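J.: Starting off with a structure, shown below.
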Amino acid sequence: MEVIVADITTLDVEAIVNAANSGLRGGGGVDGAIHRAAGPGLLEECRALGGCPTGEVRVTGGHGLRARWVIHAVGPVWSGGEAGEPALLAACYANALDAARDLGAASLAFPAISTGVYGYPPDQAARIAVETVAAGLRDGDGPHVIFCCFSESDAEHHRAALEAL
Ligand code: ADP
């Protein structure tokens with residue numbers, strides 16, 4: 001596992017995770033950036049999938065991205081932490097890691113799911129991200145995982161969570 005600060009659309013990895021919404025219709029934030037970089041073929045492929053429930057993932061091609069695959073994960077909207085948000089966020093990371101394994105992806109990059117418009121406290125989200133991926137990788141072989149943060153403070157949260165492991 002590795003923590004970097006970067007625009008996830010620029011990474012030379014086999015799979016990237018998108019922080020999608022349940023309609024898989026594109027949007028703002030990292031979702032918008034991924035769709036802009038991938039081109040209109042991505043939205044077309046997403047439309048055919050008919051949405052995705054919170055906590056689950058759907059796989060598409062990478063289209064104009066360097067990544068071969070985009071794993072669309074729908075994170076929970078933060079509403080105080082008592083509405084199942086931690087389990088739903090953990091499910092995003094676990095399901096995306098499983099999907100990457102099924103694809104045979106050698107490398108996988110995650111954005112900080114739910115920590116933008118969806119309002120999840122970034123320190124708590126980073127802990128769930130790192131702990132869930134670490135637990136998933138303990139089961140055996142897995143991809144090289146990059147936590148692709150968009151700010152230095154977010155990277156600090158992920159590094160702290162890694163050190164706490
Ligand atoms: P959500 O709706 O799941 O909260 P957002 O896209 O609003 O998703 O934010 C999720 C995280 O992605 C935030 O930490 C945001 O700063 C970050 N982010 C936004 N654009 C990019 C990008 N191009 N690459 C990586 N991370 C990004």
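All of the numbers you see were taken from the coordinates with simple rules; none came from a lab. Just so it is clear, the model here is predicted, and its values are computed rather than measured. So basically every Cβ, Gly included, is an ideal-geometry build from the backbone, and we count neighbours across all protein chains shown.
J.: Quick one: grab Rg to one decimal and Dmax as a whole number for region 77-152, Cα atoms only, in Å.
T.: 12.5, 36
J.: Okay, moving on. For region 34-64 and region 71-147, what is the separation of their Cα centres, given in Å?
T.: 18 Å
J.: If you don't mind, another one. Once phi is turned into θ = phi - 60°, what whole-Hz ³J(HN,Hα) does the Karplus curve with 6.51, -1.76 and 1.60 give for every residue of region 3-8, x standing for Gly and Pro?
T.: 10, 9, 10, 6, 7, 4
J.: Still on this structure, please answer the following. Once you order the gyration tensor axes a ≥ b ≥ c over the Cα atoms, which shape class does region 1-94 get: rounded for a/c under 1.5, otherwise prolate or oblate by comparing a/b with b/c? Write down the numbers at each step before the final one.
T.: Numbers: a/c = 1.97, a/b = 1.35, b/c = 1.46.
The shape class here is oblate.
J.: Could you run the Karplus curve 6.51 cos²θ - 1.76 cosθ + 1.60 with θ = phi - 60° over region 63-72 and give me ³J(HN,Hα) per residue in whole Hz, x for Gly and Pro?
T.: Result, rounded to whole Hz: 6, x, 7, 6, 5, 6, 9, 10, 9, 8.
J.: Let me ask something else about it. Looking at region 6-114, which GluC sites (Glu not before Pro) are DSSP coil and have at most 10 other C-beta atoms within 10 Å of their C-beta? It would help to have the intermediate numbers written out before the result.
T.: Details: sites: 14, 44, 45, 56, 82; in loops: 14, 56, 82.
Answer by residue number: 82.
J.: Restricting to bridges with both residues inside the chain, how much of the DSSP beta-bridge set is antiparallel, in percent to the nearest 5?
T.: Restricted to the chain, the bridges split so that about 25 percent are antiparallel.
J.: Still on this structure, I have one more. Quick one: among 128, 71, 113, which has the greatest mean-square fluctuation in a GNM of the chain with alpha-carbon springs under 10 angstrom?
T.: 128
J.: Where a ≥ b ≥ c are the square roots of the eigenvalues of the C-alpha gyration tensor, would you call the chain rounded, which needs a/c under 1.5, or, failing that, prolate if a/b is larger than b/c, or oblate? Don't jump to the answer; show the numbers that get you there.
T.: Working: a/c = 1.44, a/b = 1.22, b/c = 1.18.
Verdict is rounded for the chain.
J.: Okay, next question. Output ³J(HN,Hα) for region 141-146: one whole-Hz value per residue in order, computed from phi by the Karplus curve 6.51 cos²θ - 1.76 cosθ + 1.60 with θ = phi - 60°, and x for Gly and Pro.
T.: 5, x, x, 5, 9, 10
J.: While we're on this one: Is it possible to state the helix-based mean residue ellipticity at 222 nm for the chain, with each DSSP H run of 4+ residues giving -39500 (n - 2.57), the sum divided by total residues, to the nearest 500 deg cm²/dmol? What is it?
T.: -13000 deg cm²/dmol
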